[in-house]
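Heads up, the thing below is written out as structure tokens.
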Amino acid sequence: MDGLWSSAVPYRVPNATPLSGGSPTGRESDNLKRPLLVARAIRWTPTVEDRSVDPPYPIFITQSAFAAVHAHVEAKLRGTASLGFLAGNVLECPETGAPYVVIESAIHLPWSISGDRLRPALSQGWSVVQEEVRRNGGQLLGWYHTHRAVEPRLSPADAATHVALFDQPWQVALVVTPGEAPAGGFFRISAGGSRSHAYLPFYELLDASSILPDGRKVSDLAWVNYHTEEAIFTSDRVSNPRLEIQPRLLFPGEVDESAAPGSPPPMRRTGLERTVRFAGYGVLGLVAAAVLFNVYRARASGPDETVASEREAVAAPRELVDNTADTVALAVGAFELRARLFESHRMACPDLARGLVDLEERWTSYNVARKADAAGLDSAGTARDRSLYADVDAAERLFERSQCPRP
């Protein structure tokens with residue numbers, strides 16, 4: 001925990017509803033007392049007509065959490081969606097008694113979701129992440145998702161997912177639309193469970209380096225559909241929207257050889273390194289393991305189930321290609337997590353080697369399925385194939401640099 005929480009003390013909110021997202025200490029209606037952080041923040045309000053003014057539970061989100069969300073969004077292929085959780089805490093201002101939320105971490109799920117198939121994927125990681133966040137003194141405050149549309153809005157599937165998993169009044173959905181004119185929005189579902197189109201105002205909680213000695217503030221926000229009344233500076237990441245984010249550093253201190261020479265460094269670290277601040281790498285490993293188990297457990301099915309699976313594969317070769325491609329992407333994410341844990345001395349060479357073997361097996365299965373698909377790959381499939389090849393090749397080179405014995 002950083003200084004943001006160091007002086008907070010438990011406070012019981014009268015008649016508070018139970019936390020479906022989990023409470024820090026097991027006392028289901030505990031909030032934490034802490035003065036409002038407006039002096040360290042920039043207030044952003046929607047420019048669109050459909051907006052909510054001063055909603056209950058004002059939203060604060062740290063710049064590091066924003067950076068983690070956008071790094072995850074920008075790393076995905078066009079046509080695929082990013083998905084993850086938002087964690088932090090519900091606080092209460094001791095002067096006014098008003099509750100508010102501070103989002104401090106973004107926990108990304110290490111796979112891509114296409115279409116509206118987000119609820120099963122989000123549900124798989126929900127219970128694991130919720131328990132881990134609670135053990136580390138935080139709460140699940142919501143989730144984030146990418147829309148490849150003109151406006152970042154909640155779809156019917158988004159609304160149903162939110163009601164099912166995040167039904168408390170302080171929990172939020174963050175929708176991001178990347179592109180030349182990036183946009184986004186925070187949303188909540190009303191107590192009656194109806195869909196809400198109203199964009200919520202929020203506060204960008206600044207890092208210490210974003211408050212200049214003369215008190216002026218530096219913002220990282222690049223959304224075109226929000227504005228602020230404050231006189232601010234914008235960071236390089238905002239003023240140059242084409243600025244490439246740095247590759248994810250799987251081994252801290254080493255830069256991928258594919259990084260463009262002479263590219264300017266970001267203002268602050270982004271990507272997986274900043275994704276989880278208080279949940280630690282362990283929660284990502286648990287999420288990956290849980291999802292990989294659900295994806296791969298068919299390999300341990302009985303003979304009858306195996307025969308049925310083979311028949312389905314013959315009937316739907318394109319679906320088999322898509323499914324095996326998803327398992328490769330998951331295995332890449334799981335290997336990257338193992339690499340992080342290996343670098344931090346939480347895993348040994350045999351653990352890293354097992355991740356590589358699993359990745360190679362998935363890659364082989366994908367290639368077999370791809371060659372068996374008589375229709376061949378369309379343009380999107382070809383782009384995905386190239387991306388998977390690059391990811392697998394990077395994992396192989398990463399393992400070589402580890403100097404572990406090859407399995």
- Of the candidates Ala157, Ala183, Ala198, the one satisfying the condition of being assigned by TED's automatic domain parsing to the domain that holds Ile42 and surrounded by fewer than 15 Cβ atoms within 10 Å (Cβ to Cβ) is Ala157
- Item | Cβ-Cβ under 7 Å pairs, at least 6 apart or on other chains, the range 366-388 side in the same structural domain as Leu320 (by TED's automatic domain parsing) and more than 15 Å from Thr324 (Cα to Cα), far side among the basic types (Lys, Arg) and part of a helix (DSSP H, G or I) | Ala375/Arg318
- Subset of the range 343-396, residues outside any helix (DSSP H, G or I) and of a type outside the set (Ser, Thr, Tyr), comes to His345, Arg346, Met347, Ala348, Asp373, Ala374, Ala375, Gly376, Leu377, Asp378
- Message: Looking only at the range 31-74, filter to residues that are part of a strand (DSSP E or B) and surrounded by fewer than 18 Cβ atoms within 10 Å (Cβ to Cβ); which one of those is modelled with the highest pLDDT?
- Response: Arg43
- Task: Enumerate the pairs (first residue in the range 195-224 and farther than 28 Å from Phe166 by Cα; second residue anywhere and among the hydroxyl-bearing types (Ser, Thr, Tyr)) with beta-carbon separation below 6 Å, excluding pairs fewer than 6 apart on the same chain, so at least 6 apart or on different chains.
- Result: Val218/Ser210; Val218/Ser235; Ser219/Thr234
- Query: For the range 83-125, what are the residues that are within 12 Å of the chain's Cα centre (by Cα), small (Gly, Ala, Ser) and modelled with pLDDT of 80 or more?
  - Reply: Gly84, Ala87, Ser105, Ala106
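The values are calculated or read from the model by the stated rules, or taken from the named source; none is laboratory data. Small disclaimer: the values here were computed from a predicted structure and weren't measured. Glycine also receives a Cβ, built like all others from the backbone with ideal geometry; neighbour counts cover every protein chain displayed.
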